[in-house]
Every structure is written in C-alpha cells, then in structure tokens.
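The values are calculated or read from the model by the stated rules, or taken from the named source; none is laboratory data. All values reported here derive from a predicted model rather than from experimental measurement. Here Cβ is always computed from backbone atoms with ideal geometry, including for glycine, and neighbour counts include all displayed protein chains.
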Amino acid sequence: MKCDARQQLVNQLGVDPATGFAPSPLDNVGIQYGLAALESGAITPAQFADLNASIGGFDYLGNPSTQRSLASPVALHAVYADDLDNSGAQGLQITPVIDQRDDLDAIPGANIHTSEWSFVMRARMQKAGDAANQVIIENAFVAAEVANVDAYELSAMNQWLDNIQGDPTWRGLKAKIASDKPVGLADGCFLNTSQTSPTLQPGGLTVTGTSGPCETVYPIYANTRIAAGQPEDLYVLKCALRPIDWSDYPVTFTPTEKAELESAFPHGVCDFGRRGPQEQPPIGSWLNYSLGTTPFRDVGGDG
C-alpha cells in the first residue's frame, strides 16, 4: 500500500470511503504562483500565465497530477478544529520556546525544514497574542557545532525555567515567561561554534531583508505561497476565492494570456483578506480520539 504523510493523521481526519485513505487538507486552488516575481519584473506575463496553467498538484496517493490539489472540507474542518496546523493560540502561548534552526536551506533534495518556518510560527503566535516567549537561533548543520549549540540552548532553557519557577511576583505565567528570559538570550545565530563555549551573535535575524552578520551567513529564503501573496503565517490551507481583476496587476496581459489565466483560475484567485473555507478557532487541547478512526462525514462548505 502506498500513502502520503497525512495517513498518520487518520484518527483525526477519518477515512474517505471513495479511496480508503485519509482525506487531504492540502489545496492550491486559486494560488497565483510567481505573483511576486511578476510584480518585480523577474518573470514576464507570458511566463506567469504558463506557470499557473501548468502547475498541477497531487492526487490522493501523493503522486503529481495535472489538476490542482483540492482539499476535502472534512479534512479542513478537522485540521482547524484539532489545531493540527498549529495556530500558536493554545499551549504555545505559555511555553518558553528556543527555536533551534539548523541551517538546512541549501541541502540538496529540497529539505522541508527551511528557515522561514521559524518566522511562520512567530507570525502565528503574534496573530494569536504575541511571541515574546519565542527565541529563534540559527546555526550551521555541522555535528560538532550542533552539539555545542545544543549544550548552550539546553543551559539557557534550564535557566529560563528556573527563573520562572523562582519568580515571586504575582504576574501571570505569560508575563513571567516574557520577563524572566535569561540575560543575553535573544534572536541571533552562531557564526563560529567550533570553540568549546560558543558565543551567540544577537539580533537581526529576520525575513525583512535587513543586512547583518546573521543574515549574511544564514539568509532566509522565499516561500512559494508567501510569494503568491499569502500572509507570512501561512495558516490558511485553502483560500477563499474572488474573480480575477486585471487592474490588480502592474502588467498588461495579451488576450491569449488572459484566456490562459482564466482557464487556470475558473473559480477565481485567492482572496487572503477573507477567512478560508472551514477555518475556525481550535476547539481545545488534549483532545481524546478514543479507539479507531473518526468516521468520514460531510461538513459542507467548499471542497
């Protein structure tokens, strides 16, 4: 039997009787790939139209398909309700977080653990409240350096937790976490961790294009959906749609290119200013799924 990664979530997503597999929450209908490149002049209108007409998606087995991926409303409902997409709105708001980001961006094979996900998570936490309890630290993916960074960060986390535990004030836990962070622990990177006691280079590690030591050594690369206009939190799995408005583009499309794009987006393009189909707040934490799988059911909505 062949399956893709969502099969590990079958207890939450249920089973689609039409396929025998867990339904998919993945969707790229309406995504305008290459939008940022079009707006910057890096690609032509013809290239933009061709890209979006031929991008395709994946079928229920995870195989490439000429059709774009269409999410199941059942799967979308479960993912949002059970917080499988990690909204940052629950226990993460009161958890000290040191995000150790081994720099894997340039590793061949399209490694999925790329650095922008640290900032995606920060954006979600900020949207849910704030991210004062999160620190992002980047380092080279070299065994000796990783070991030294591990030791530094474990020591820093231990001190952070001790500070919180020993805080005698009447402040709430969230406020204590933010204020009891150890001195010197901040966003940054390690530029030379081969020594026994590595030194953190603080500050500046962002996705906003600023220039500094950390950005020079560990640049944060683009994400295709952010480049297609989706907000940095990337929380919406399936976007709401709106009709194509040719005045939105800083270029002029030929009639042929317009026809190609209308064929690529027969129901419209993404409107990230609106809530996505089935999007809802999480129903709670520590959910119990009992035994077996969740029955497949029709929850309505777009699909």
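List every residue pair whose Cβ atoms sit under 9 Å apart, with the two residues 6 or more apart in sequence or on different chains, where the first one lies in region 37-62 and is at negative phi and aromatic (Phe, Trp, Tyr) and the second, anywhere, is part of a helix (DSSP H, G or I) and surrounded by 16 or more Cβ atoms within 10 Å (Cβ to Cβ).
These pairs meet every condition: Phe48/Leu35; Phe48/Ala37; Phe48/Leu38; Phe48/Glu257; Phe48/Leu261.
For region 135-152, does any single residue satisfy the condition of being over 21 Å from the mean Cα position of the chain (by Cα), more than 14 Å from Tyr218 (Cβ to Cβ), surrounded by fewer than 17 Cβ atoms within 10 Å (Cβ to Cβ) and of a type in the set (Ser, Thr, Tyr)?
No, because not a single residue in region 135-152 is over 21 Å from the mean Cα position of the chain (by Cα), more than 14 Å from Tyr218 (Cβ to Cβ), surrounded by fewer than 17 Cβ atoms within 10 Å (Cβ to Cβ) and of a type in the set (Ser, Thr, Tyr).
Do any residues in region 253-266 that are assigned by TED's automatic domain parsing to the domain that holds Ile43 and within 17 Å of Ala240 (Cα to Cα) have Cβ atoms under 6 Å from those of residues that are part of a helix (DSSP H, G or I) and modelled with pLDDT of 95 or more, where the two are at least six apart or on different chains, and which pairs are they?
That search, which allows pairs on different chains as well, returns Ala264/Asn52; Ala264/Ala53.
Determine, yes or no, whether Gly292 is surrounded by fewer than 15 Cβ atoms within 10 Å (Cβ to Cβ), outside the structural domain of Pro45 (by TED's automatic domain parsing) and either at pLDDT 95 or above or within 28 Å of Asp16 (Cα to Cα) (or both). Write out each step before concluding.
Working: surrounded by fewer than 15 Cβ atoms within 10 Å (Cβ to Cβ): yes; outside the structural domain of Pro45 (by TED's automatic domain parsing): yes; either at pLDDT 95 or above or within 28 Å of Asp16 (Cα to Cα) (or both): yes.
Here the answer is yes, as Gly292 does meet what is asked.
Within region 255-270, is even one residue in a loop (DSSP other than H, G, I, E, B), surrounded by fewer than 17 Cβ atoms within 10 Å (Cβ to Cβ), within 26 Å of the chain's Cα centre (by Cα) and not polar (S, T, N, Q)?
Taking region 255-270 as the starting set, the residues that turn out to be in a loop (DSSP other than H, G, I, E, B) are 265-268.
Pick out the ones that are also surrounded by fewer than 17 Cβ atoms within 10 Å (Cβ to Cβ) and you get 266-268.
Filter again for within 26 Å of the chain's Cα centre (by Cα), leaving 267-268.
Remaining after also requiring not polar (S, T, N, Q): 267-268.
Yes, that holds for at least one residue.
Gly109 is checked against (1) touching a helix residue (DSSP H, G or I) at 6+ places or on another chain (Cβ under 7 Å); (2) at pLDDT below 95 and fails just one. What number does that condition carry?
(1)
Taking the condition of being aliphatic (A, V, I, L, M) and out of contact with any Gly (no Cβ under 9 Å at 6 or more places or on another chain), how many residues in region 19-54 meet it?
Our first condition is that a residue be aliphatic (A, V, I, L, M); within region 19-54, this holds for 22, 26, 29, 31, 35-38, 42-43, 46, 49, 51, 53.
From what is left, the residues that are out of contact with any Gly (no Cβ under 9 Å at 6 or more places or on another chain) are 37-38, 46, 49, 53.
Of the residues in that region, 5 qualify.
Return the residues of region 261-279 that are more than 18 Å from Leu26 (Cβ to Cβ) and touching a Phe, Trp or Tyr at 6+ places or on another chain (Cβ under 9 Å); say none if nothing qualifies.
Leu261
Going by the structure shown, is Pro108 out of contact with any strand residue (DSSP E or B) (no Cβ under 7 Å at 6 or more places or on another chain), under 30 Å from Ala147 (Cβ atoms), surrounded by 17 or more Cβ atoms within 10 Å (Cβ to Cβ) and not assigned by TED's automatic domain parsing to the domain that holds Tyr249? Give the steps one after another, and end with the answer.
Numbers: out of contact with any strand residue (DSSP E or B) (no Cβ under 7 Å at 6 or more places or on another chain): yes; under 30 Å from Ala147 (Cβ atoms): yes; surrounded by 17 or more Cβ atoms within 10 Å (Cβ to Cβ): no; not assigned by TED's automatic domain parsing to the domain that holds Tyr249: yes.
No.
In region 4-54, which helices (runs of 4 or more DSSP H) lie fully inside it and hold 3 or more residues that are under 14 Å from Val74 (Cα atoms) and at pLDDT below 95?
Working: elements: 10-13, 35-40, 45-54.
Passing ranges, in order: 10-13.
Which residue, of Leu84, Leu70, Leu61, Leu92, is outside any loop (DSSP other than H, G, I, E, B) and out of contact with any strand residue (DSSP E or B) (no Cβ under 7 Å at 6 or more places or on another chain)?
Result of the check over Leu84, Leu70, Leu61, Leu92: Leu92.
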